[in-house]
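The values are calculated or read from the model by the stated rules, or taken from the named source; none is laboratory data. Just so we're clear, the structure is a prediction, and the values are computed from it rather than from any experiment. Neighbour counts run over all protein chains shown; Cβ positions are idealised from the backbone, glycine included.
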Ligand SMILES: C[S@@+](CC[C@H](N)C(=O)[O-])C[C@H]1O[C@@H](n2cnc3c(N)ncnc32)[C@H](O)[C@@H]1O
């Protein structure tokens, strides 16, 4: 397929997704509200009562079908990200910078065992996951350009906004980005903290290669990418002022979230701050219904368990203090109080390792 | 990709009749092809206009009666091919109706 056909098809799918996330979402929300009024008092609306009212409606069935299949077509259709990159495999791989070793910017651990929760599901319908194919990082990078389709190109994206928020509250000299992917969440810290030392870890070698390549191209000398399990890293205890993650917690089973919190606690210096950005505070039953449905349809089996966890209790039980859990506005255009378009329930979860705490 | 993927797994079902799930897949694939084609035709027009081979006005003008008459036969055949299956009639004589070997 040529580049024009690929872009035309992807643009078409994105337009369809935009219609889905605005007009179709609003129509579904109104229909659900009307149907629920007939059945139950709004006070007692639950995911199950909404499901009861709306799951048999053709509108919901089309809504659900489109959510799953627009994503399938985006990745695996004839003009999907996977076949497009597959056709260009050799060029893409040879264009990746080969000077990693000399720069000490990338450390791949070929003996690292990948956890079963990770290899068992093709997360967000990326065939083969973000880890199994050498070009998976590039496929994921291209796909992630439209994760928040309603954010305009001229606006600050979600990672920039999150970094603004974090660095507004602390000035770390050592940072760990857990589950950095292809480095999109790491880059703003690398750019804004030129004198700090930044480490980033992920399970996916193809993603880390792309992250290191991007960092080398921007001549960043303050970052290292390493293939490690964020729940079990090689870093010394008490070695970071800031431990962060973006869109990682919802990919982990609850037990693994606990392990990640334990590891964050261990590697943080006393007084250091942990800040995660993820999908957690769901404001009402309708959005919960939609969120759980999204999880199922998009191959995200741990999204619902995360949304049902009592995170504040869990984080405190690990020894952290000053736990804060706040909804996050991912784009200038979003009004957190409005419900006029589909969106992820972006939430910032932060906590401090107390001074004098033993790791 | 699909060819290399592991053992086949049944796709999720959203409609009461799973046939609708599948036909929606074919329908959206066609809609995508249609858009890709439209985009290609427009790009071609732009190219041809820019080198002076094509007069966009001439292309966009309402077709003359004679041109419409010329294309009418083809249009009728197109519509027939599209809509004849809705009649549920055989093209080649044989057994009719739904059958079961239960
Ligand atoms: C949705 S991506 C987010 C990537 C990046 N933080 C960003 O915001 O673009 C989730 C990432 O978490 C990684 N991941 C999942 N489990 C992990 C673990 N136990 N340790 C390290 N990384 C993990 C995945 O490989 C994937 O790259």
(request) Spot the failing condition for residue A:99; the list is (1) exposed (fewer than 14 other Cβ atoms within 10 Å of the Cβ); (2) at pLDDT 95 or above, and only one is missed. (result) (2)
(request) Would you point out the residue of segment A:162-178, among those that are touching a residue at least 40 places away in the same chain (Cβ under 8 Å) and within 12 Å of the ligand (Cβ to nearest atom), that is surrounded by the fewest Cβ atoms within 10 Å (Cβ to Cβ)? (result) A:162
(request) Kindly indicate whether any position in segment B:56-64 is at the interface with chain A (Cβ under 8 Å from one of its Cβ atoms) and over 30 Å from residue A:297 (Cα atoms). (result) no
(message) I'd like to check something: does segment A:73-92 contain any residue that is away from chain B (no Cβ under 14 Å), modelled with pLDDT under 90, buried (at least 17 other Cβ atoms within 10 Å of the Cβ) and part of a helix (DSSP H, G or I)?
(response) no
